[in-house]
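Taken together, the values in this text are just the output of simple stated rules run on the coordinates, not laboratory data. None of these values were measured; they are calculated from a predicted model. Here Cβ is always computed from backbone atoms with ideal geometry, including for glycine, and neighbour counts include all displayed protein chains.
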Amino acid sequence: MSTDTASLYSRKNPFPAQHTVNRRLSGPSSQKETCHHEISLAGSGLSYEVGDSLGVFASNDPLLVQEIISMIGASGEEPVLGNDGKEKSLREALWKDYIITTPSKEFLAALVAKAGDAAQEVADLTSDATRKKELESYLWGREVIDFLLAHPRVQWTPEEFVKSLRKLQPRLYSIASSQKAVGEAVHLTIATVRYETFGRRRNGVASTFFADRTGPSVSVPVFVHTAKHFRLPEDTSTPVIMVGPGTGVAPFRAFLQERKAVGGGGKNWLFFGEQRRDSDFLYEAELEALQKEGVLTRLDVAFSRDQAAKVYVQHKMREASKELFAWLEAGAHFFVCGDGERMAKDVDAELHAIVERESHCTPEQAAEYVDHLKKTKRYKKDVY
Ligand SMILES: Cc1cc2nc3c(=O)[nH]c(=O)nc-3n(C[C@H](O)[C@H](O)[C@H](O)COP(=O)(O)OP(=O)(O)OC[C@H]3O[C@@H](n4cnc5c(N)ncnc54)[C@H](O)[C@@H]3O)c2cc1C
Ligand SMILES: NC(=O)c1ccc[n+]([C@@H]2O[C@H](COP(=O)([O-])OP(=O)(O)OC[C@H]3O[C@@H](n4cnc5c(N)ncnc54)[C@H](OP(=O)(O)O)[C@@H]3O)[C@@H](O)[C@H]2O)c1
């Protein structure tokens, strides 16, 4: 994958975009906070294809920056080196340049060297390569600020503190719009990451940047991340099956806008899943309108928490086993987007099971069939 547009702007030179719309998609009773965001690309010359992602250089939470500055006994005005090699204030560097949430190896090593016996547990875990898993679970939910609060007597100079941090990386978001429908804009569907660990509220850097910290005076540095592996079939009459629970629906909203704009008559089938129909049916009205217009040929939904037993997208696939296999036999392309840890694996297993059941073949033959779909670029995933 690469970044590739005819614009002046790229990952190395991101476009300072305006965030124009932030609309909550999850209802008030939802356990989630998923939002629809719109970004203006006006004046950038940036263009994208459906299937691409938007790269975003978000900045850290200024309140966390201030807390860290206070904990290391600095004012924030001290000059330090930014990750671009330029001198800037400690506050600016912590805000925009460095990871100040997840502790790096270098930070832990510096802490151990400074705190001595007081950081014995960290010293033991980091010095023994066989305890990697233990270290991971110890670090889960712990951030840099927790270590600073736990070791208030440790002295850091601003320069050595910054040197122990790693570079803040951009986040990718699946583009949820087609330029044929929205012009010089990009739509995104973002699940805001908020959770509590060790008695402290935590915020995902980029998702809460979008949810809480942008506005007319804040520019959002963005670039287009090309995803050549995740393209609609060139032949617009080819049917597509899209499996996109949660924010995985984002690129499929873009696909449907594109298919509506170009016509071509290809059938479109979407499997969507979320927790509850009442509060989590993302883009419900739009999807229903697309169904009425005949763009979305079929919509199967799985609301996991509306009944005692979980119902997931793969269960809906199983219920529609015969038709799904018939679509594949008719040349459909099969797309999956969203959670790569569990969902995409379970959907893959169900796809194998459907092929085996419907074509009365062995598991090995089903695997060959699915492999063939992959090799012929008819089985495409964008998972995270
Ligand atoms: C190609 C691609 C497309 C993507 N598309 C989308 C999209 O369309 N929509 C979308 O919302 N996301 C999408 N993502 C994910 C997105 O890039 C970010 O990873 C996500 O928004 C979180 O980023 P953040 O900066 O808000 O959180 P971060 O600051 O990165 O924090 C997330 C980290 O917090 C920790 N964490 C989270 N929950 C807990 C918990 N309960 N307990 C302890 N620790 C926890 C984990 O270490 C996790 O990795 C995509 C990713 C890729 C690679
Ligand atoms: N890197 C990050 O920090 C970060 C940030 C945001 C999102 N994410 C990840 O991105 C993915 C998408 O998140 P999201 O909030 O949009 O939705 P999600 O967590 O994937 O949830 C969407 C729906 O999928 C269901 N689901 C859970 N396990 C499943 C499985 N094995 N197979 C099929 N469906 C399953 C959920 O049900 P239940 O919830 O009822 O089980 C829910 O109904 C998730 O992996 C999430 O963890 C990561």
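Cβ-Cβ distance of E121 and R24, R₀ of 30 Å, FRET efficiency by 1/(1 + (r/R0)^6): the value works out to about 0.15. The lysine pair count for region 62-163, using Cα distances under 25 Å and pairs eight or more places apart or on different chains, is 16. Between T297 and F198, the modelled labels are 5.3 nm apart [label points 7 Å from Cα along Cα→Cβ]. Bridging of K322 to lysines at a Cα separation below 20 Å is possible for K267, once same-chain residues fewer than 8 apart are set aside. Quick one: length gained pulling V262 to C361 fully straight, 0.36 nm per residue minus the C-alpha distance? Taking 0.36 nm per residue and subtracting the Cα distance, the gain is 31.9 nm.
Assuming 1.306 mPa s and 10 °C, estimate D for region 240-383 with Stokes-Einstein, Rh taken as the Kirkwood radius over Cα pairs, in µm²/s. Taking Rh from Cα pairs, D becomes 103 µm²/s. For M242, nonlocal amide neighbours, meaning residues 5 or more places apart or on other chains whose placed amide H falls under 5 Å from its own, are W269, L270, F271, F335.
Estimated from helices alone, the mean residue ellipticity of the chain at 222 nm is -10000 deg cm²/dmol (sum of -39500 (n - 2.57) over DSSP H runs with n ≥ 4, per residue). Basic side chains Lys and Arg get +1 at the Cβ, acidic Asp and Glu get -1 at the Cβ, and with that the dipole of region 1-142 about its Cα centre reaches some 260 debye.
Close amide H partners of E33, meaning residues 5 or more places away or on another chain with modelled amide H under 5 Å apart, are T192.
With 0.36 nm allotted per residue and the present C-alpha distance subtracted, the L149-H229 stretch has 24.3 nm of extension available. Summing Cβ point charges (Lys, Arg +1; Asp, Glu -1) relative to the Cα centre of the chain gives a dipole of roughly 280 debye.
Kirkwood-type hydrodynamic radius, the chain: 23.1 Å, calculated from all non-identical alpha-carbon pairs. Under the simplified labelling scheme, the T102-E323 pair shows an inter-label distance of 4.1 nm, with each label point 7 Å from Cα along Cα→Cβ.
Using the beta-carbon distance between A353 and S47 and R0 = 51 Å, what value does 1/(1 + (r/R0)^6) give for FRET efficiency, to the nearest 0.05? It comes to 0.80. Amide H contacts of K381: V336, each under 5 Å away and 5 or more positions distant or on a separate chain (H built 1.01 Å from N in the peptide plane; Pro and chain starts excluded).
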